[in-house]
Amino acid sequence: MKSNPPIQPLISVDELAHHLDDLSWLIVDCRFSLADASAGRRRYEDSHIPGAMYAHLNDDLSGPIIPGVTGRHPLPAVETAARTFGRLGIHSGVRVVAYDDMGGALGAARLWWMLRWLGHDAVQVLDGEWQAWLAGGYPTRAGVETRPPAAFIARPRAERIATAEDVETMRLNPSCRVLDARSAARFHGREETIDPVAGHIPGALSAPYTDNLTPQGTFRSATELRGYYLALLGDTPADQTVVYCGSGVSATHSILAMQVAGLGEARLYPGSWSEWITDPRRPVAS
């Protein structure tokens, strides 16, 4: 019996356009603005890919913030995430396609990572995102979409998450790698407009998620991404690598890029920099 090929991390706008009427496919609009938390929902209601549901980074893809304890976008509890995905209509027989308008870095890659963390591998990110859909002249629709709710069964993969304690151990282990997906300016502490402390986790390597993209906003080729990450990782396998950013969102973009490159599954530090700096005993480099 011939098995189906594995689902690739990315999907083109051309391929997605052929599945707009396929009820076994579910599109999720993840547009979000850090400057205006309601902007993404407004943009969705103004115009979106036909059939797309909407997932809000703060309300749907994050848990409650505990000041002085968590980062800015902590993961929701497994049960809460499962209820959210069920409300969106996601179940085991559905293929999910996520998009945003920031190259996948503000919601789409986060949803991709969360679904796979909870055992749903049938998920892809739209390459080129909303801009590529518009540039291709494909249809759009206004308003709010609905889908029948579903029973989402979560099967958490705890090994894909790294805690602050894990990161502390890994940064001191020469057989592991810690990658920082923020901009080089934030990594080096030359610029910090979001978090109260500038710098990076000692031992981390700078790997800005923006380096995953072409000037046109699509992902670089698998060959290019493989060369880029192998230069950072050397012989370190993906499962001995942890990625962080400011709050555990854009770091998932780099985990996605490593999947595109065929390097395997890196771990996410969900709390990231904004959680790391809540404890003054944790070291900071700049």
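The values are calculated or read from the model by the stated rules, or taken from the named source; none is laboratory data. It should be emphasised that the depicted structure is a prediction, and the values quoted were computed from it without experimental measurement. Glycine also receives a Cβ, built like all others from the backbone with ideal geometry; neighbour counts cover every protein chain displayed.
Contact map, the range 9-31: residues that are of a type in the set (Phe, Trp, Tyr) paired with residues that are part of a loop (DSSP other than H, G, I, E, B), Cβ distance under 6 Å, separation 6+ or inter-chain. Pairs shown: TRP25/HIS19. Consider ARG72 carefully, then state whether it is assigned to a loop (DSSP other than H, G, I, E, B) and either touching an Asp or Glu at 6+ places or on another chain (Cβ under 7 Å) or among the hydroxyl-bearing types (Ser, Thr, Tyr) (or both). Here the answer is no, as ARG72 does not meet what is asked. Where helices (runs of 4 or more DSSP H) fall wholly inside the range 180-285, the ranges with 1 or more residues that are over 14 Å from GLY71 (Cβ atoms) and of a type in the set (Ser, Thr, Tyr) are 222-233, 251-260.
Taken over the range 39-63, the criterion of being closer than 16 Å to MET102 by Cβ and surrounded by fewer than 13 Cβ atoms within 10 Å (Cβ to Cβ) is satisfied by ARG42 alone. Pairing residues of the range 143-157 that are over 11 Å from THR84 (Cβ atoms) and not assigned by TED's automatic domain parsing to the domain that holds ALA52 with residues that are part of a loop (DSSP other than H, G, I, E, B) and among the β-branched types (Val, Ile, Thr), at Cβ distances under 8 Å and at least 6 apart in sequence or on separate chains, gives ALA150/ILE90; ALA150/VAL94. State whether one or more residues within the range 13-34 are within 23 Å of SER247 (Cβ to Cβ), surrounded by fewer than 18 Cβ atoms within 10 Å (Cβ to Cβ) and in contact with a Ser or Thr (Cβ under 7 Å, 6 or more places away or on another chain). So far as the range 13-34 goes, no, none of its residues is within 23 Å of SER247 (Cβ to Cβ), surrounded by fewer than 18 Cβ atoms within 10 Å (Cβ to Cβ) and in contact with a Ser or Thr (Cβ under 7 Å, 6 or more places away or on another chain).
Rundown of residues vs (1) surrounded by 17 or more Cβ atoms within 10 Å (Cβ to Cβ); (2) among the basic types (Lys, Arg); (3) within 22 Å of TRP112 (Cβ to Cβ); (4) under 20 Å from the mean Cα position of the chain (by Cα), yes/no style:
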residue	(1), (2), (3), (4)
ALA158	no, no, yes, yes
ARG182	yes, yes, yes, yes
GLN216	no, no, yes, yes
ASP235	no, no, no, no
GLY246	yes, no, yes, yes
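A single member of ASP101, ASP36, ASP60 is without any contact (Cβ under 8 Å) to a residue 60 or more places away in the chain, within 26 Å of GLU265 (Cα to Cα), part of a loop (DSSP other than H, G, I, E, B) and of a type in the set (D, E, K, R), and it is ASP60.
Please go through the range 181-203 and pick out each residue that is within 28 Å of ASP127 (Cα to Cα), touching a residue at least 24 places away in the same chain (Cβ under 8 Å) and out of contact with any helix residue (DSSP H, G or I) (no Cβ under 6 Å at 6 or more places or on another chain).
Our first condition is that a residue be within 28 Å of ASP127 (Cα to Cα); within the range 181-203, this holds for 181-187, 194.
When the remaining residues are screened for being touching a residue at least 24 places away in the same chain (Cβ under 8 Å), the result is 181-184, 186, 194.
If the condition is that a residue be within 28 Å of ASP127 (Cα to Cα), touching a residue at least 24 places away in the same chain (Cβ under 8 Å) and out of contact with any helix residue (DSSP H, G or I) (no Cβ under 6 Å at 6 or more places or on another chain), then ARG182, SER183, ALA184, ARG186, ILE194 are the ones that fit.
Taking the conditions exactly as written (more than 25 Å from PRO6 (Cβ to Cβ), touching a residue at least 60 places away in the same chain (Cβ under 8 Å) and not in a loop (DSSP other than H, G, I, E, B)), does GLU168 satisfy them or not? So GLU168 fits the description; yes. No other residue among VAL249, VAL242 is of a type in the set (A, V, I, L, M) and either closer than 19 Å to LEU61 by Cα or outside the structural domain of ASP180 (by TED's automatic domain parsing) (or both) apart from VAL249.
Of all the residues that make up the range 123-153, how many are surrounded by 19 or more Cβ atoms within 10 Å (Cβ to Cβ) and small (Gly, Ala, Ser)? Of the residues in that region, 2 qualify.
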